[in-house]
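In what follows, a single structure is set out as structure tokens and then discussed.
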Amino acid sequence: MSALLEITGLETHFHTRAGVVRAVDGLDLAVRAGEIVGIVGESGSGKSVASFSVLGLVDPPGRIVAGSIRFRGEELVGADPARLRRLRGREIAMIFQDPLMTLTPVLRIETQMVEAIRAHERVSAKAARARAIEALARVGIPAPAERIRAYPHQFSGGMRQRVAIAIALLHSPALILADEPTTALDVTIQGQILYEMQRLVAETGAALVWVSHDLAVVESLADRVCVMYAGRIVEEGPAEEVVAAPAHPYTRGLLDSLPGGALAGARLRQIPGMTPSLLDLPPGCPFAPRCPIATAACASEPPIVAIAPGRSVRCHAPLVRQEAA
Amino acid sequence: MVLFIVRRALQAGLVLLAVSLVVFTGLYAVGDPADILLPDDATAAEREAAIVALGLDRPIWTQYGIFLANALQGDLGTSFVFNIPSITLIFQRMPATLELALCAMLIALVIGVPLGLYAGLKPGSRADSAIVTGSILGFSLPNFWQGLMLILVFSIFLGWLPSSGRGETGTILGIETSLATWDGIRHLILPATNLALFKVALMIRLTRAQVRETMPLDFVKFARAKGMGESRIVGLHVGKTIAAPIVTVLGMELGSVIAFAVITESIFAWPGMGKLIIDSINNLDRPVVAAYLLVVTFLFIVINLVVDVLYSLLDPRVRLGRRA
């Protein structure tokens with residue numbers, strides 16, 4: 001079965017005065033229809049830029065300089081802007097990180113939902129409104145027929161994110177890109193939204209790419225997880241396997257820094273150093289300067305090592321070796 | 001809303017009272033009108049009679065009290081110079097100033113906002129630099145100099161437009177205005193442009209800054225991610241967001257243009273309120289100055305009220321009648 005979304009060798013760079021920021025630097029990713037893929041990485045690892053690249057929404061000075069993004073076999077890099085506009089919202093929807101900022105403050109929810117429907121379908125305003133109310137009901141907004149007349153500031157953060165999700169689901173897109181949609185919410189709301197998303201994706205059969213810095217969240221949600229570091233994927237595999245036995249030292253570091261796994265009262269370990277400046281990455285493995293097990297070999301480009309079917313790691317010295325090869 | 005307007009009206013009354021007090025005291029301190037009004041060879045008896053006739057012999061508090069009591073009945077005093085009620089004098093001149101001010105603001109709006117929008121959408125482009133540079137000229141060249149240059153170029157060199165006066169006026173809806181005749185409009189173009197140049201520059205700057213501030217916001221990106229076309233995003237999402245601050249500034253500027261069109265009116269010999277007030281200050285024509293300032297204060301209050309109401313209509317997060 002061919003992939004719904006296939007990204008190969010994607011490079012999105014920002015040409016700034018200080019130099020070229022390689023936000024996404026050789027990303028390979030495939031998403032199958034109906035699949036939930038988690039992309040995990042620290043701030044600045046390029047995960048948000050990667051999802052904006054798919055929609056062709058990278059703000060200048062950012063630009064896709066190389067690689068290919070195929071959606072249902074159709075090349076999106078360099079595609080006609082009008083074609084991209086028709087795909088956005090209809091085939092590929094996106095949910096943003098900060099629900100307080102995603103809805104236009106001066107327009108009613110109704111206006112924003114109806115226009116989203118009518119951007120892609122010729123329907124009467126009345127029919128569009130009825131559909132919008134239905135969509136709000138589906139994401140669990142009480143009294144949607146009244147609430148649709150409200151302005152965004154009259155909703156709480158969690159409710160606004162539900163509205164954003166309702167908008168994303170309006171056209172039953174084949175692919176939803178969710179850019180840390182629960183990060184700005186408090187933990188109980190986060191759980192609810194995660195649950196709703198899982199349910200809705202299962203109902204509609206949409207594929208979901210869930211970008212997050214939180215490996216625990218991704219593990220509970222995703223079928224497959226990709227760990228991103230400095231603009232590329234360093235480890236990929238089924239969620240439980242990656243969490244149970246991380247192969248890349250960076251994934252290991254991320255897991256060690258999570259509370260819960262460690263003994264109560266024990267100090268959490270942290271990854272030393274900071275995400276490297278994407279302005280001047282060292283040659284070879286970009287994680288090497290922070291890696292506890294780095295060797296001289298890490299100064300050269302690490303190979304992609306397949307560990308198991310569907311599991312690979314980009315490392316000279318993966319923590320998990322090929323089993324029963 | 002009703003509560004809001006009632007409270008505003010009460011506040012307006014207090015403001016007018018305060019302004020009248022300041023104006024009255026200020027004028028009292030400036031000088032004695034009898035010195036200016038009377039011929040140099042007036043006798044002491046003539047002088048005494050004039051002072052009594054003008055009511056200047058009474059203590060200031062009494063004068064103020066009389067002034068206030070009359071003002072409440074709509075009588076803001078009689079001009080020392082013209083010997084007609086000062087309020088009549090002002091209302092005679094007001095249409096000329098209002099049409100000038102409104103035309104200037106209209107020019108600022110229809111030229112400044114689109115240019116600012118365009119520049120803001122394409123920051124760093126050649127058009128942007130050209131527009132911004134133009135707005136710097138609009139800001140920094142002195143208003144009177146701009147006026148003189150307009151006359152020099154369009155009236156003297158090219159001979160296209162008249163340089164002074166109001167031209168032929170007609171009446172539209174019972175108001176006497178230059179806009180009613182072609183001759184009047186020709187007379188209006190140069191002074192209105194002169195008055196508008198600074199405001200155009202201001203509108204360009206303001207709109208450009210607002211657009212540049214709004215475009216990178218998430219909701220613009222989200223609208224794009226919904227598949228909205230750029231024209232609707234700019235026209236509705238961004239347009240409505242930046243409309244509120246633009247309306248606010250427009251309102252404030254309208255007030256200041258009405259009140260302080262003095263320079264333009266002087267250069268173009270425009271028979272508006274600005275010229276009247278300058279003449280009245282020179283002649284120490286107290287009732288006219290006081291009445292003028294009160295009328296202008298009132299205009300500002302009304303404009304501010306309108307702006308507040310518009311603001312609440314444009315930005316739903318602003319609710320009237322609630323204390324900040």
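Do we have any residue at all in segment B:287-310 that's in contact (Cβ under 8 Å) with a residue 60 or more places away in the chain, under 24 Å from residue A:57 (Cα atoms) and within 14 Å of another protein chain (Cβ to nearest Cβ)?
No, there is no match, as no residue in segment B:287-310 is in contact (Cβ under 8 Å) with a residue 60 or more places away in the chain, under 24 Å from residue A:57 (Cα atoms) and within 14 Å of another protein chain (Cβ to nearest Cβ).
Could you please let me know if residue A:135 is free of Cβ contacts under 8 Å to residues at least 24 places away in the same chain and either surrounded by fewer than 23 Cβ atoms within 10 Å (Cβ to Cβ) or more than 12 Å from every other protein chain (Cβ to nearest Cβ) (or both)?
no
Residue pairs, Cβ under 7 Å, 6 or more apart or interchain, first in segment A:117-129 and within 11 Å of chain B (Cβ to nearest Cβ) and surrounded by fewer than 17 Cβ atoms within 10 Å (Cβ to Cβ), second part of a helix (DSSP H, G or I) and of a type in the set (A, V, I, L, M, F, W, C). List them.
These pairs meet every condition: A:118/A:128.
Would you pick out the residues in segment B:272-324 that are more than 30 Å from residue A:153 (Cα to Cα) and surrounded by fewer than 17 Cβ atoms within 10 Å (Cβ to Cβ)?
B:278, B:279, B:281, B:282, B:298, listed by residue number.
Any chance you could count how many residues in segment A:36-57 are over 20 Å from residue A:208 (Cα atoms) and within 14 Å of another protein chain (Cβ to nearest Cβ)?
0
Which condition number in (1) surrounded by fewer than 21 Cβ atoms within 10 Å (Cβ to Cβ); (2) at pLDDT 85 or above is the one that residue B:250 fails?
(1)
With the requirement that a residue be out of contact with any helix residue (DSSP H, G or I) (no Cβ under 8 Å at 6 or more places or on another chain) and within 14 Å of chain B (Cβ to nearest Cβ), what does segment A:60-78 give you?
Matches in segment A:60-78: A:60, A:61.
For segment B:227-242, does any single residue satisfy the condition of being in a helix (DSSP H, G or I) and within 24 Å of the chain's Cα centre (by Cα)?
yes
Looking at the structure I just gave you, is residue B:165 under 22 Å from residue B:256 (Cβ atoms), away from chain A (no Cβ under 14 Å) and touching a residue at least 24 places away in the same chain (Cβ under 8 Å)?
Criteria not met by residue B:165.
Pick from B:251, B:235: which is in contact (Cβ under 8 Å) with a residue 40 or more places away in the chain and not hydrophobic (A, V, I, L, M, F, W, C)?
Selected residue: B:251, the only one of B:251, B:235 that is in contact (Cβ under 8 Å) with a residue 40 or more places away in the chain and not hydrophobic (A, V, I, L, M, F, W, C).
Just to verify a result, which residue in segment A:29-51, among those that are under 17 Å from residue A:287 (Cβ atoms) and of a type in the set (D, E, K, R), is modelled with the lowest pLDDT?
Going through the qualifying residues, I end up with A:42.
Of all residues in segment A:62-82, which are in a strand (DSSP E or B), more than 19 Å from the chain's Cα centre (by Cα) and closer than 20 Å to residue A:175 by Cα?
A:74, A:75 - these are the residues of segment A:62-82 that are in a strand (DSSP E or B), more than 19 Å from the chain's Cα centre (by Cα) and closer than 20 Å to residue A:175 by Cα.
Every residue, every condition in (1) of a type in the set (S, T, N, Q); (2) out of contact with any Gly (no Cβ under 7 Å at 6 or more places or on another chain); (3) within 12 Å of chain A (Cβ to nearest Cβ), yes or no:
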{"site": "B:208", "(1), (2), (3)": "no, no, no"}
{"site": "B:211", "(1), (2), (3)": "no, no, no"}
{"site": "B:220", "(1), (2), (3)": "no, yes, yes"}
{"site": "B:226", "(1), (2), (3)": "no, no, yes"}
{"site": "B:239", "(1), (2), (3)": "no, yes, yes"}
{"site": "B:248", "(1), (2), (3)": "yes, yes, no"}
{"site": "B:251", "(1), (2), (3)": "no, yes, no"}
{"site": "B:262", "(1), (2), (3)": "no, no, no"}
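Looking at segment A:163-185 only, could you name the residues that are free of Cβ contacts under 8 Å to residues at least 60 places away in the same chain and either within 17 Å of residue A:221 (Cβ to Cβ) or among the polar types (S, T, N, Q) (or both)?
A:172, A:182
Here is a list of conditions, (1) part of a loop (DSSP other than H, G, I, E, B); (2) modelled with pLDDT of 80 or more, and residue A:233 meets all of them except one; can you say which number that is?
(1)
I need the full set of residues from segment B:200-226 which are assigned to a helix (DSSP H, G or I) and free of Cβ contacts under 8 Å to residues at least 40 places away in the same chain, in order please.
Correct list: B:213, B:214, B:218, B:219, B:220, B:221, B:222, B:223, B:224, B:225.
Looking at A:149, A:199, which is the one that is in a helix (DSSP H, G or I), of a type in the set (Lys, Arg) and surrounded by fewer than 20 Cβ atoms within 10 Å (Cβ to Cβ)?
A:199
Quick test of your reading of the structure: residue B:115 fulfils all but one of (1) assigned to a loop (DSSP other than H, G, I, E, B); (2) more than 20 Å from residue B:261 (Cα to Cα). Name the failing condition by number.
Failed condition: (1).
Report, by residue number, each residue of segment A:97-112 that is under 23 Å from residue A:210 (Cβ atoms) and more than 7 Å from chain B (Cβ to nearest Cβ).
Result: A:97, A:99, A:100.
Does segment B:186-194 contain any residue that is in a helix (DSSP H, G or I), away from every other protein chain (no Cβ under 14 Å) and either more than 21 Å from the chain's Cα centre (by Cα) or basic (Lys, Arg) (or both)?
yes
State whether the residues of segment B:83-104 include one that is assigned to a loop (DSSP other than H, G, I, E, B) and touching a residue at least 24 places away in the same chain (Cβ under 8 Å).
no
Just checking, does segment A:86-96 include any residue being without any contact (Cβ under 8 Å) to a residue 40 or more places away in the chain and more than 9 Å from every other protein chain (Cβ to nearest Cβ)?
For segment A:86-96, residues without any contact (Cβ under 8 Å) to a residue 40 or more places away in the chain and more than 9 Å from every other protein chain (Cβ to nearest Cβ): absent.
Which of (1) farther than 23 Å from residue A:51 by Cα; (2) at the interface with chain B (Cβ under 8 Å from one of its Cβ atoms); (3) not hydroxyl-bearing (Ser, Thr, Tyr) is the odd one out, the single condition residue A:159 does not satisfy?
Result: residue A:159 fails condition (2) only.
The values are calculated or read from the model by the stated rules, or taken from the named source; none is laboratory data. Just so it is clear, the model here is predicted, and its values are computed rather than measured. Cβ: placed from backbone, ideal geometry, glycine included. Neighbour counts: every protein chain shown.
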